[in-house]
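Undergrad: Before I ask anything, here is the structure I am working with.
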Amino acid sequence: MKNLKFIILIIGVGLFTSCIKDDFVEDTIEATLRITTNLESIEINSKFQFDAMYLNNVGQETDVQLEWSSSDPDVISISDDGLAEAISLGTAIISVTYTEADKRYEDEISLSVGEATVQGVNRISGNITSTSSYVLEGAFVYSETSSGVDVAFMEDYNASTALPGLYLYLSNNRNSIADALEIGAVETFSGVHLYSIDNVAFNEYKYLVYFCKPFNVKVGDGALNF
Amino acid sequence: MKNIFNIIILSVFVICSTYAGGPWPQPKGKGYFKLSEWWTVFSEHYTDTGAKDPNLTTGVFNTAIYAEYGLTDRLTTVVNVPFLSRNYMNNLRSATTNEIIVNGEAINTIGDIDLGLKFGLTKGRIPIALTLTLGIPTGETGAGSLNALQTGDGEFNQMLQLDAGGGFNLGKLSAYLSGFVGVNNRTNGYSEELRLGLELGVGIFNQRLWLSGRLNIVESFKNGDTAETVTSTSLFANNSEFTTLGIEGNLYVTKNIGISAGVAGALRGEIIAAAPSYTVGIFYDMNR
């Protein structure tokens, strides 16, 4: 009888401690408003649709009511829904704002009106760094292509091969992949290699994030400093 | 090669062995049988640099039957059957929104079965025994949405182990000291391993209670595959190694039946869970 009680105790301990519970990731970030249209100048007498995205306090894109404005409507005018019209030669600052309770979010770009529409900077460089004990380092170039973006890693790229299930993401929250775009599994662990990602705007994401899927932990990241 | 998840989970099984072990084969027709529960829950692991990194909280629970039975006075058959093995991972939630980012998952299956033969090479004051253990891949190698849950490693391994030891008196107490060296030959791209162990046991209360301490070392030959050399999407981890220290108590509540409890943990490690493991069990010893 005593032994039976002990066996029941064993099973009880097992059942009590083996339930699925919750782990939490600290993923709070500053909410931001970002103009995603990447232009340096706009052709006179032409129109151009501007876009912007509001990212909440976990980096999740949220539909909000935006307000567009121009610093000089005689040079560039802009409608409530972001349709800009180049009226005369000159320079203007296009702004977008969103107000939530007492907090105001704003972004702006400076645009000139000229003979042709010219894209803004569409190639930046950065560095991947490890945020864990696993080796992860190297320089990269992030550039816009006709169909999306390219991420090209340089010769100094090096990643630990000890980690299972290493994946690369584009994210707006460097601590979470909740609303991130999965680029794919890491197949190259050193040296030059390239990822081509379609249907992504150049400044749609802010970070490259390396994440170990089986352990569900972040391994490293690199900021996209536009 | 099959998708193989982390050896972290599997390696921890070794940390707190429930085996009686040692260089002493069972006498012919005698045996030792044990029903045990072994478990660990870990939210950190040792990385390949030996440092500790966090991971999603993971639990492994094994309910197993272990048996030694003397076929002859020198040859003993050894079987370990984890007939219920549970592996789970917690939900991952946003601390900001409380929304689930990754759903927790669990599997409950049979684990990998070990079959072995122990042969007593010498008797006398310091007996020596040779044991061949075959690891049968009966467990689940990859379940859940990411194939990250497993109760087995999917490989057939063969371990050859040499045990030596002896009994002595520690004052008025009976005691024993044993050690082993083994080589574990693994398949499916896993690295081979060198295994070393030392165990000291002391019998108190007229040998009704045996307290033992175990030191186990696993050194990887690091001659297997890595994430770079297997297919790109494989969830592969290899080259696990560790040094663990454990204590266990075995109390005879009747002449032949007893209960046991133990705890063990890693002193250092690479690609292994960084948390203690526990075991409780009930055993039947035909030798008393």
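Nothing in this text is a laboratory measurement; each read-out follows from the coordinates by a stated rule. Note that the structure is predicted; figures quoted are calculated from it, not measured. No Cβ is skipped: glycine too gets one built from the backbone with ideal geometry, and neighbour counts run over all protein chains shown.
Undergrad: Residue by residue through segment A:72-85, which ³J(HN,Hα) values in whole Hz follow from phi under the Karplus form 6.51 cos²θ - 1.76 cosθ + 1.60 (θ = phi - 60°), with glycine and proline marked x?
TA: Couplings: 9, x, 6, 9, 10, 9, 9, 7, 4, 9, x, 8, 9, 9 Hz.
Undergrad: Let me know the charge dipole size of segment A:123-223 about its Cα centre in debye, to the nearest 20, where only the beta-carbon of Lys, Arg (+1) and Asp, Glu (-1) is charged.
TA: Computed about the Cα centre, the dipole is about 280 debye.
Undergrad: Per residue and in Å³, how big is the convex hull formed by the alpha-carbon atoms of segment B:56-157?
TA: 113 Å³
Undergrad: What is the magnitude of the charge dipole of chain B about its Cα centre, with +1 placed on the Cβ of each Lys and Arg, -1 on the Cβ of each Asp and Glu, and no other charges, expressed in debye to the nearest 20?
TA: I would put it at about 1360 debye.
Undergrad: Still on this structure: Across segment A:146-154, in residue order, what do the Karplus-derived ³J(HN,Hα) couplings come to in whole Hz, using 6.51 cos²θ - 1.76 cosθ + 1.60 with θ = phi - 60° and x for Gly and Pro?
TA: For segment A:146-154, the Karplus curve yields 5, 10, x, 9, 10, 10, 10, 8, 8 Hz.
Undergrad: Sort B:Met159, B:Met286 so the one with the fewest other Cβ atoms within 10 Å of its own Cβ comes first.
TA: Lowest to highest Cβ neighbour count: B:Met286, B:Met159.
Undergrad: Shifting gears a bit: Output the pairs from A:Lys103/A:Lys206; A:Lys21/B:Lys255; B:Lys34/B:Lys222; A:Lys213/B:Lys222; A:Lys218/B:Lys34 with a Cα-Cα distance over 32 Å in this structure; if there are none, say none.
TA: In this structure, A:Lys21/B:Lys255; B:Lys34/B:Lys222; A:Lys218/B:Lys34 lie more than 32 Å apart at Cα.
Undergrad: Given segment A:123-223, what whole percent of its Cα pairs are spread farther than 22 Å?
TA: 20 percent
Undergrad: Considering only DSSP beta bridges with both partners in chain A, what is the antiparallel share in %, to the nearest 5?
TA: So the antiparallel bridges amount to about 95 percent of the total.
Undergrad: Kirkwood hydrodynamic radius of segment A:116-160 from all distinct Cα pairs, in Å?
TA: It is 12.1 Å.
Undergrad: Still on this structure, please answer the following. Name the most mobile residue of A:Ser133, A:Ser70, A:Ser125, meaning the one with the largest mean-square fluctuation, in a Gaussian network model of chain A with Cα contacts below 10 Å.
TA: Comparing A:Ser133, A:Ser70, A:Ser125 in a Gaussian network model of chain A, the most mobile one is A:Ser133.
Undergrad: Also: Can you list the residues, at least 5 places off or on another chain, whose amide H is less than 5 Å from the amide H of B:Gly154, using H built in the peptide plane?
TA: B:Gly139
Undergrad: Which whole-Hz ³J(HN,Hα) couplings does segment B:125-131 yield from phi under the Karplus relation 6.51 cos²θ - 1.76 cosθ + 1.60, θ = phi - 60°, glycine and proline marked x?
TA: Karplus-based 3J(HN,Hα) across segment B:125-131 equals 5, 10, x, 10, 9, 10, 10 Hz.
Undergrad: Would you mind checking the radius of gyration and Dmax of segment A:32-119 based on alpha-carbon positions, in Å?
TA: According to the Cα coordinates of segment A:32-119, Rg and Dmax are 13.3, 42 Å.
Undergrad: Using all C-alpha to C-alpha distances in the protein assembly as shown, build P(r) with 10 Å bins and read off the rounded percent in each one.
TA: 4, 16, 23, 18, 13, 10, 7, 5, 3, 1, 0
Undergrad: Which of B:Ala106, B:Tyr190, B:Thr133 sits farthest toward the positive end of the charge dipole of chain B, with +1 on the Cβ of Lys and Arg and -1 on the Cβ of Asp and Glu?
TA: B:Thr133
Undergrad: A further question on this structure: Could you tell me the center-to-center distance, by alpha carbons, between segment A:24-98 and segment B:51-120 in angstrom?
TA: 54 Å
Undergrad: Name the aspartates and glutamates eligible as straight-distance cross-link partners of B:Lys28: C-alpha to C-alpha under 13 Å, and not fewer than 8 places from it in the same chain.
TA: B:Glu68, B:Asp73
Undergrad: Using only the alpha carbons of chain B, what is the convex hull's orientation-averaged projected area in square nanometres? List each step's numbers first, then the result.
TA: On the way: hull surface 63.6 nm².
Directional mean of the projected Cα hull area for chain B stands at 15.9 nm².
Undergrad: Rounded to the nearest 500 deg cm²/dmol, what is the calculated helix-only ellipticity per residue at 222 nm for chain B, with -39500 (n - 2.57) per DSSP H run of length n ≥ 4?
TA: Theoretical 222 nm ellipticity from helices: -1000 deg cm²/dmol.
Undergrad: Could you quote the convex hull projected area for chain A, Cα atoms only and averaged over all directions, in nm²? Could you put the intermediate results ahead of the total?
TA: Values: hull surface 71.2 nm².
Result: 17.8 nm².
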